[in-house]
Amino acid sequence: MTKHISLDSKNIDLHQLARVPENRRRELLKLMLAGSVTGVAAAALPGCGGGGSNGAGVFPFPATGTGGTSPTNSPASAPPAAPGATSQKISSFTISVLPDTQFYPRYASEKMGELYQKLYAGIDPKYDNPFKTQTQWIAQNASQLKMPFTIHLGDIVDQSWYYKAEGSTPWSATTDLVGNGQIGNGQVTKEWELASQAMQVLEAAKCPYSICAGNHDVGAIGSDMQWGPDWGVGVTGFANNDGYQDGGSHRVGLFEPYLQVFPADRAKRQATFGGRHASGFHEYHVFEAEGNKFLVLSMSWRASDDAIAWANQVIQANKTIPVILVNHQLVGIGSDGRTAADTAYSNYMWDKLIKDNDQIFMAVSGHYHGSCIGTKKNSRGNDVHLMVVDYQMAYMGGNGLMRMFEFDLTNKKIIASSFSPWVPLKPAATLNEFDAAWLSDSNQSFTLDMDFAQRFSSFNPGFSVPAGSMDGSLTDAAKKLILTNYSQPPQKAAALPSGPDDYPKVDNTLAHWRFFNATAAEGDLFPYQPGQQIQDVSAGGKNPISVNTWAGQSGDLVWSKSHHPLSAAPGSLRFLNATKTRFTYFTTDQASALNVETFPKGYTIEAFVYIDPGFDATKNGWMGILYRLGARSNLPGFASDDGDCALMFAFSNLMEFQWEVAPVNQATNLTCWSGGVSAGQWLHVAIVNDPAASYATTMYVEGAPVLRNNTNMQGIQFVAPTQQLAIGCGQWAGNMSTGFLGSIGEMRIVGAPLTADKWLTARAS
């Protein structure tokens, strides 16, 4: 079982939002927010940088979005000047930000089935994955948008280790990378190759950029992933208690793929390059825009004391230059999913680097899933804007979403915009309501007031705002480029149920449990006595489930009127107080036919679930929704499998839905993964296995197919006939484990693949 750490949540009222389709869609899945759509430029433009038009290559980005038709609404533009008035010229420039790109090279690689290329086969090969599309868009439009610099926030790739060849065994601490030619011939993982190719687009266009290593970019030495600061150098004054190992002393530069793919020599080719820390993991650049210099200080994941000392030296050596701090992991995200939150490491960085360096006026980081903005006062009483931008858990692994900052010196503003140049290139037939390409939510597109000359006066009294050369906003120009010849797919209004029986009844239904009590008041206790049942309402009702407990207590199960707005069941059952060692759950009977069902004709598993806002990654991570009990290590070919089960439908500590099964046709476990979702909202999850499509299994969250699905998942094995199905908990090595914290409204198991018009979210007629 892969282990991750992260925590995002958001509270919303879907009962109200269900009646407003656009707003409902905005909140259903984190980061799939409403807005208009990003498009593409109508003409190729040479050059990169702050408005210059010299010397850069031209990258022919498509002039029209292939995924849509002409927009019904024109993009916003500046109002016309009053008669006789002279419009003000604006002094402004932009920088672009590439947030955690890790899933793009991973799922565009041969090893992972080239998912992007297959899903969107109609796209020009130059834009066959979102990462490459982002850099192509920057290269084409940098000159027009006066964009002198691009920032990458780290987590360039997902799996960092070297391979001799695609699909081979990962290297270890004893691997002689030089001797076996892996470094010399450049045969790194396809992920690194694809990432390198994407950044080469910027290099060919002479568009300078900074880059840093995220936690997924550091070497794998004797473990799944190597966590820690710069090798051989520790961190003091930082409580390293968030689950990561301080393995810095075990890191060896020779074995670091990041240092081989993005070495200092590669960075030095950029005109903006200033230098790197001795470890090779941290660098700085100085770029010029509108007659002023700016310094970008880019710090890789878990910078050490020594790296912080180096960063302070860099700032002192450039005493008059405003500093943009880049750090892979810095600020966290609060329980509402959009508010900046202090972390142990952000406090460490604030105390040792940020607060006493007045030159640092903004800091941008990734790592934590979502987007937020916060502001703190430094030692001089000046504002420092702290931002997180990370879309990896959004639809399709991020869907090409990126960030642009416009620095409007004339109007004293920093304007942030979030958009995707990838979405408009998708073939029209592949688009759905989750393909938002310009995000309009307030934590995605916003404006910060900034009197630049005043803010920088303590260290650069000569900072000047030159006479403007532009007639309008660069943000408006970018939006116009993006919206040209593209419109977002129409929103689909969902029909609400007319009553508790308004849902499709389908053949091959093996079990259907509805967790509500029409006569119970809100908060009434579920009868706690073992053996109390939830009936199976399918035809024949052969598979009731009975309550069980693992150190549970009275009050752990209560009835609720809350339910998903598209569920006909008018209530739910709340699972309270659940941890890894205390929970109440349900099981099928030992003689239930479901225990031995292998699903030869495919399956559709549906559940309406609500993740409690109190979800804690440590206490509740990997909590079980539906499990088939019995260690799969007892199955043929699974002799050493750590006690996992043959069927696991769980919610990870990364706040992803996981579907993992042992198929009947092979001795291996196969998985489907959602993106990250927020707590505090009702969600419909459907897992559909289709024999007619090579036993492809697709997970849908709120109707949207996830990126990380799988094929050749024929059926589901069972360990023994008496090993039951469990609802509301998991199992590990034979012991019940990690109860579900939240609410369940309905769960249905059908022995055949169903289309969306037959799901529980549809209506009876």
Notebook entry, point to check: If we keep just the residues of segment 615-661 that are aliphatic (A, V, I, L, M) and at pLDDT 95 or above, which is nearest to the chain's Cα centre (by Cα)?
Noted result: Ala650
Margin query: Taking the conditions exactly as written (closer than 15 Å to Leu725 by Cα and among the small types (Gly, Ala, Ser)), does Ala631 satisfy them or not?
Written below: yes
Note to self: Show me the strands (runs of 3 or more DSSP E) found entirely inside segment 385-457 where at least 2 residues are in contact (Cβ under 8 Å) with a residue 40 or more places away in the chain and within 30 Å of Leu119 (Cβ to Cβ).
What the structure shows: 402-408, 413-419
Notebook entry, point to check: For segment 536-547, how many residues meet the condition of being closer than 16 Å to Gln724 by Cα and in a loop (DSSP other than H, G, I, E, B)?
Noted result: 3
Next item on the list: Take segment 108-128 and flag every residue that is more than 12 Å from Lys190 (Cβ to Cβ), in a loop (DSSP other than H, G, I, E, B) and modelled with pLDDT of 80 or more.
Entry: Tyr120, Ala121, Ile123, Asp124, Asp128
Notebook entry, point to check: Considering only residues of segment 277-330 that are of a type outside the set (Lys, Arg) and on the phi > 0 side of the Ramachandran plot, which is surrounded by the most Cβ atoms within 10 Å (Cβ to Cβ)?
Noted result: Glu290
Margin query: Being within 28 Å of Phe575 (Cα to Cα), in contact with a Lys or Arg (Cβ under 6 Å, 6 or more places away or on another chain) and modelled with pLDDT under 95 is true for just one of Ala539, Ala551. Which residue is that?
Written below: Ala551
Note to self: Looking only at residues that are hydroxyl-bearing (Ser, Thr, Tyr) and closer than 29 Å to Ala493 by Cβ in segment 698-744, which one is nearest to the chain's Cα centre (by Cα)?
What the structure shows: Tyr700
Margin query: I need the full set of residues from segment 336-359 which are touching an Asp or Glu at 6+ places or on another chain (Cβ under 8 Å), among the small types (Gly, Ala, Ser) and surrounded by fewer than 20 Cβ atoms within 10 Å (Cβ to Cβ), in order please.
Written below: Ala344
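Can you tell me which residues in segment 742-752 are surrounded by 23 or more Cβ atoms within 10 Å (Cβ to Cβ) and in contact with a Ser or Thr (Cβ under 8 Å, 6 or more places away or on another chain)?
Hits for segment 742-752 are Ser743, Ile744, Gly745, Glu746, Arg748, Ile749, Val750.
The values are calculated or read from the model by the stated rules, or taken from the named source; none is laboratory data. Predicted model, so just to flag it, every value in this text is computed and none were measured. Because the Cβ atoms are built from the backbone with ideal geometry, glycine has one as well, and the counts that use them run over all protein chains shown.
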